[in-house]
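Trainee: This is the structure, below, for whatever I ask next.
Derivation of every value follows stated rules applied to the coordinates shown; laboratory data play no part. Source: prediction; values computed, not measured. Here the Cβ positions follow ideal geometry from the backbone for every residue, glycine too, while neighbour counts run over all protein chains shown.
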Ligand SMILES: NC(=O)c1ccc[n+]([C@@H]2O[C@H](COP(=O)([O-])OP(=O)(O)OC[C@H]3O[C@@H](n4cnc5c(N)ncnc54)[C@H](O)[C@@H]3O)[C@@H](O)[C@H]2O)c1
């Protein structure tokens with residue numbers, strides 16, 4: 001079988017794991033190169049992947065690959081994606097696909113004429129809970145209220161971006177993915193506690209049918225919480241993304257006096273799952289798991305939330 005010739009760009013915190021997943025897919029992927037700008041990362045890459053070429057610029061190996069994983073800081077995603085698209089390469093780009101609406105528009109112009117696979121790393125879609133709860137999610141009555149929390153203690157990572165770009169983007173994408181929620185307006189409050197960027201933010205998004213989403217994200221919290229709570233006339237669904245469990249309480253009862261059902265769900269290796277989907281799209285034409293338009297939509301929502309934070313006004317999405 002033909003294998004996909006692959007490079008990973010960026011050997012930092014997440015790039016290391018992406019490299020491990022490329023190596024784990026040796027049946028479908030030829031691991032050609034790791035592209036890392038800085039010597040420290042290059043040395044680590046060489047030590048962990050002695051049979052893989054390590055270079056500092058993507059241009060050095062562009063003619064040797066079919067596809068690349070972009071795992072560099074968000075500010076570099078636009079230029080790297082543009083270059084890879086212009087060279088007709090398949091792309092897996094970590095979230096966010098780019099920094100803002102302006103970059104998204106420019107990238108859309110280039111991507112629309114290309115037949116390449118472009119997948120975006122919205123890994124929170126990989127939780128098994130969404131598959132197990134598909135029936136319940138499909139039955140949620142409109143309007144509904146959804147609350148999502150994604151907070152943790154300060155780790156000093158991703159401070160080149162704010163918490164909306166880094167964390168809330170997962171949840172803004174989940175709204176569309178799990179509930180087909182299309183926000184029409186947003187208002188938000190936030191705090192710059194440790195950095196000169198938003199370290200904590202709470203946003204309220206509404207849709208045309210009166211549903212409301214409240215998302216809280218923070219990187220200066222005292223504990224780690226990642227959960228989703230959906231309430232409507234049809235009952236309630238609660239998912240603990242941290243503990244990998246969920247509970248449901250519909251408007252009726254499960255059996256005499258039993259109103260709540262609790263389940264654990266299997267913890268998955270999200271990156272491994274995403275890599276599998278990527279190769280399936282390239283080799284077998286399978287639909288792209290999180291496509292370019294999904295990535296652009298999430299970037300637009302992030303931009304809208306940031307405008308709401310800066311202006312302290314309700315912003316139309
Ligand atoms: N899906 C998720 O849950 C998730 C989790 C963490 C990070 N991310 C995303 O992954 C990306 C990387 O995050 P990270 O935490 O690994 O960052 P990081 O800073 O730890 O690593 C980035 C690496 O890229 C290298 N680099 C920078 N510019 C480069 C270039 N032009 N060419 C080659 N190498 C370059 C840096 O030297 C560094 O080693 C970000 O976009 C982030 O949002 C996604």
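Trainee: Compute the Rg/Rh shape ratio of segment 196-269: radius of gyration over Kirkwood radius, all on alpha-carbon atoms.
Mentor: Here Rg/Rh amounts to 1.06.
Trainee: Each label point is 7 Å from the Cα along the Cα-to-Cβ direction; what then is the distance between the points at residue 192 and residue 112, in nm?
Mentor: Each label point is offset 7 Å from its Cα along the Cβ direction, giving 3.6 nm.
Trainee: Peptides 33-46, 94-107: what's the order by average Cβ count within 10 Å, highest mean first?
Mentor: The most tightly packed comes first, giving 94-107, 33-46.
Trainee: May I ask for the distance between the Cα centers of segment 9-42 and segment 51-89, given as a whole number of Å?
Mentor: Segment 9-42 and segment 51-89 have Cα centres spaced 12 Å from each other.
Trainee: On to the next question. How do the peptides 12-19, 295-302 rank, highest first, by the average count of neighbouring beta carbon atoms within 10 Å per residue?
Mentor: 295-302, 12-19
Trainee: Can you compute the modelled spin-label distance between residue 259 and residue 204, with each label point 7 Å from Cα toward Cβ, in nm?
Mentor: Result: 2.7 nm between the two label points.
Trainee: Sorting check: for 210-216, 170-176, which peptide has the highest mean count of neighbouring beta carbons within 10 Å, and how do the rest follow?
Mentor: Averaged packing, sorted descending, gives the order 170-176, 210-216.
Trainee: Let me ask another. Take the alpha carbon atoms of the chain, find their radius of gyration, then divide it by 2.2 N^0.38 Å using N residues; give the quotient.
Mentor: Details: Rg = 20.4 Å, N = 317, 2.2 N^0.38 = 19.6 Å.
Against the empirical 2.2 N^0.38 Å value, I get 1.04 for the chain.
Trainee: Could you work out the mean projected area of the convex hull around the alpha carbons of segment 1-153, in square nanometres to one decimal?
Mentor: Quarter of the Cα hull surface area: 12.6 nm².
Trainee: Using helices alone, what [θ] at 222 nm do you get for the chain, with -39,500 (n - 2.57) per DSSP H run of 4 or more residues, divided over all residues and rounded to the nearest 500?
Mentor: After summing the helix terms and dividing by residue count, I get -9000 deg cm²/dmol.
Trainee: Dividing the alpha-carbon radius of gyration of segment 73-218 by 2.2 N^0.38 Å (N being the number of residues), what value is obtained?
Mentor: Scaled against compact globular proteins, the figure is 1.15.
Trainee: Translational diffusion coefficient of segment 238-310 at 4 °C, 1.567 mPa s, Stokes-Einstein with Kirkwood Rh over Cα pairs, in µm²/s as a whole number.
Mentor: 80
Trainee: Where does segment 105-159 land on Rg/Rh, using Cα atoms and the Kirkwood Rh?
Mentor: The Rg/Rh ratio comes out at 1.11.
Trainee: In nanometres, what is the gap between the two model label sites at residue 159 and residue 311, each 7 Å from Cα along Cα-to-Cβ?
Mentor: 3.1
Trainee: Here's something else I'd like to know. Report the Cα centroid-to-centroid distance between segment 255-303 and segment 175-247 in angstrom, as an integer.
Mentor: Segment 255-303 and segment 175-247 have Cα centres spaced 17 Å from each other.
Trainee: Expected output is a single nm value to one decimal: the length gained when fully extending between residue 180 and residue 53, i.e. 0.36 nm times separation in residues minus the C-alpha distance. What is it?
Mentor: Length difference between fully extended and current span is 41.5 nm.
Trainee: Hey, any idea what the orientation-averaged projected area of the convex hull of segment 1-73's Cα atoms comes to, in nm²?
Mentor: The number I arrive at for segment 1-73 is 4.4 nm².
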